[in-house]
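Structure first, commentary second.
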Amino acid sequence: MNLRRLRLFLQTAAEGSISRAARDQGLAQPALTRQIQLLEAEIGAQLFERSPRGLRLTDTGQFLKDALELPLSEIETALGSARSFATHVRASLTIGMPPAISELFGGRLVARLREALPNIALRVVEEDSSKLAFDLSRRLIDAAVLVSIIPEQRVSRAQVLSEPLLLVGAPQSAALAQGSVALRRLEELPLILPSGGSGLRINLERAAEAAAIKIVPAMEVDSIELTKRLLREGAHYAILPERAFRAEAEAGLLSGVAILDPQLTQPVLWAVKPDWRLPRAVYNELERVLIEEWYDAVTSGEWPAEWVFDFAILSIPFARKIDA
């Protein structure tokens, strides 16, 4: 029996409404409805019926609610005890991030992890996403944030964000004048792009192939800082997420516009190596802290992106208030 499904049932029973329960749990209504349907199929009975005031428990549903509330409370207490156990585990943990993401929230993530897992020897590796995905498959690192790179099948992963990519240049650059640019137009522009193995380049080449165009860079540069210095000269453009040039945009040094028809975005993923060997309680704490910090960065506007992560797959319930 799926514990998450039972928690969702109790939440729905308490709210008397699928929409309110879904909002509280950070789920789409169809996803929550599906979980209730699966639980009803397991039990072989209807648990809710509709009434003018919302959902009402059937006799079977009321019996299940009464029978579950105390045991599930005890399970939550046990999970909390297991989490405290994680703080006493002595082990090493290696997390990988692309440099720009490490700069954005790596510092506070490390501070939170040192507090949550004080006996863990923490190591943070900065590499491009392709290298991190390769190291995950070889079990050289334990977990990583990946951008635009889908690791091999045996690496556990989940998409967390969909991040818009912008055409970036000097503020008065002609290609930025209309406020947006069509994807097809990129093949005409003098672009500075990272080399072929980077996540952004792979993502761009996929989009170009789908649009039946060929994008050939005027220059290949694997340093974001050097790329931004070159862009300020006004002769070239680059494709970057907003977080990568926000400081320069606020200073009036660079500007960016959306790439449309279709919109160009890149996925940002959380990935874990095959055969996780540390205690599960350690992973639960790592996952909890990372997702909380990530969610705070997005909802505060610090990381401009669409949150697409499904909270239902978390090992333990999400503790933050989820925006509707």
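Of note:
- Selection from region 235-289 of residues that are open to solvent by 60 Å² or more (accessible area, probe 1.4 Å) and of a type in the set (D, E, K, R): 242, 246, 250, 261, 275, 277, 280
- For region 101-116, the set of residues classified as open to solvent by 20 Å² or more (accessible area, probe 1.4 Å) and more than 19 Å from the chain's Cα centre (by Cα) consists of 111, 114, 115, listed by residue number.
- Residue 26, sole failed condition from (1) modelled with pLDDT of 85 or more; (2) surrounded by 16 or more Cβ atoms within 10 Å (Cβ to Cβ); (3) touching a Phe, Trp or Tyr at 6+ places or on another chain (Cβ under 7 Å): (1)
- Residue identified as touching a Gly at 6+ places or on another chain (Cβ under 6 Å) and open to solvent by 20 Å² or more (accessible area, probe 1.4 Å) among 156, 130, 92, 148: 130
- Condition check for residue 282: at negative phi, β-branched (Val, Ile, Thr) and not in a strand (DSSP E or B): yes
- When residue 130 is tested against the conditions (1) out of contact with any strand residue (DSSP E or B) (no Cβ under 6 Å at 6 or more places or on another chain); (2) part of a loop (DSSP other than H, G, I, E, B), the lone failure is (2).
- Given (1) more than 28 Å from residue 180 (Cβ to Cβ); (2) among the small types (Gly, Ala, Ser); (3) part of a loop (DSSP other than H, G, I, E, B), number of the condition residue 235 does not satisfy: (1)
- Test: residue in region 163-181 that is open to solvent by 20 Å² or more (accessible area, probe 1.4 Å) and without any contact (Cβ under 8 Å) to a residue 24 or more places away in the chain: yes
- When residues of region 117-127 are limited to those that are open to solvent by less than 70 Å² (accessible area, probe 1.4 Å) and either of a type in the set (Val, Ile, Thr) or closer than 18 Å to residue 297 by Cβ (or both), the one farthest from the chain's Cα centre (by Cα): 120
- Within region 221-234, the set of residues being open to solvent by 60 Å² or more (accessible area, probe 1.4 Å) and farther than 17 Å from residue 199 by Cβ comprises 225, 226, 229, 232, 233.
- Of all residue pairs spaced 6 or more apart or on separate chains, those with beta-carbon atoms under 6 Å, a first member in region 303-316 that is open to solvent by 40 Å² or more (accessible area, probe 1.4 Å) and a second member that is outside any loop (DSSP other than H, G, I, E, B) are 306/162; 307/298; 308/159; 308/162.
- The residues listed here are 139, 184; of these, the one that is over 27 Å from residue 302 (Cα atoms), more than 24 Å from the chain's Cα centre (by Cα), touching a residue at least 12 places away in the same chain (Cβ under 8 Å) and open to solvent by 40 Å² or more (accessible area, probe 1.4 Å) is 184.
- The residues of region 47-62 that are surrounded by 13 or more Cβ atoms within 10 Å (Cβ to Cβ) and either without any contact (Cβ under 8 Å) to a residue 12 or more places away in the chain or under 36 Å from the mean Cα position of the chain (by Cα) (or both), listed by number, are 47, 48, 54, 55, 56, 57, 61, 62.
The values are calculated or read from the model by the stated rules, or taken from the named source; none is laboratory data. Computed from a predicted model, the values in this text were never measured in an experiment. A quick note on method: Cβ atoms are made from the backbone with ideal geometry, for glycine too, and the neighbour counts reach across all protein chains shown. Accessible surface is based on the protein model in full, side chains and every heavy atom, while ligands, DNA and RNA are left aside. Shrake-Rupley method; radii C 1.70, N 1.55, O 1.52, S 1.80 Å.
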